[in-house]
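First the structure, in the form of structure tokens, and then the observations on it.
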Amino acid sequence: MNATTERDTVQFRLTAIDRCDSCGAQAYIAAEVNGSELLFCAHHGRKYEEKLRSVATSWHDETARLVEAP
Ligand SMILES: [Zn+2]
């Protein structure tokens with residue numbers, strides 16, 4: 001049934017103990033800036049994304065998990 005895996009699946013690594021740096025909600029976005037990792041909830045991730053994208057060395061987005069939730 002699942003002999004082939006065509007897609008790269010996002011490796012989810014944020015958990016319930018990872019919290020937004022701005023409001024303390026569960027983090028779904030992790031950005032690495034100047035060697036340190038910043039965590040944001042979906043709301044603040046979107047809010048700061050435009051600014052952070054230009055300075056972040058990595059951008060990890062797990063907000064897709066929110067869409068998949070029933
Ligand atoms: Zn937040």
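Here, each number is a calculation from the coordinates, and none is a lab measurement. Just so it is clear, the model here is predicted, and its values are computed rather than measured. FYI the Cβ positions are ideal-geometry reconstructions off the backbone, even for glycines, and counts take in every protein chain you see.
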If I filter segment 32-47 down to residues being buried (at least 17 other Cβ atoms within 10 Å of the Cβ) and not small (G, A, S), which single residue comes out as nearest to R13 (Cα to Cα)? L39
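With respect to D61, determine if the residue is touching a strand residue (DSSP E or B) at 6+ places or on another chain (Cβ under 6 Å), among the charged types (D, E, K, R) and within 11 Å of the ligand (Cβ to nearest atom). Working first, answer last.
Working: touching a strand residue (DSSP E or B) at 6+ places or on another chain (Cβ under 6 Å): yes; among the charged types (D, E, K, R): yes; within 11 Å of the ligand (Cβ to nearest atom): no.
Considered against the rule, which asks whether it is touching a strand residue (DSSP E or B) at 6+ places or on another chain (Cβ under 6 Å), among the charged types (D, E, K, R) and within 11 Å of the ligand (Cβ to nearest atom), D61 comes out as no.
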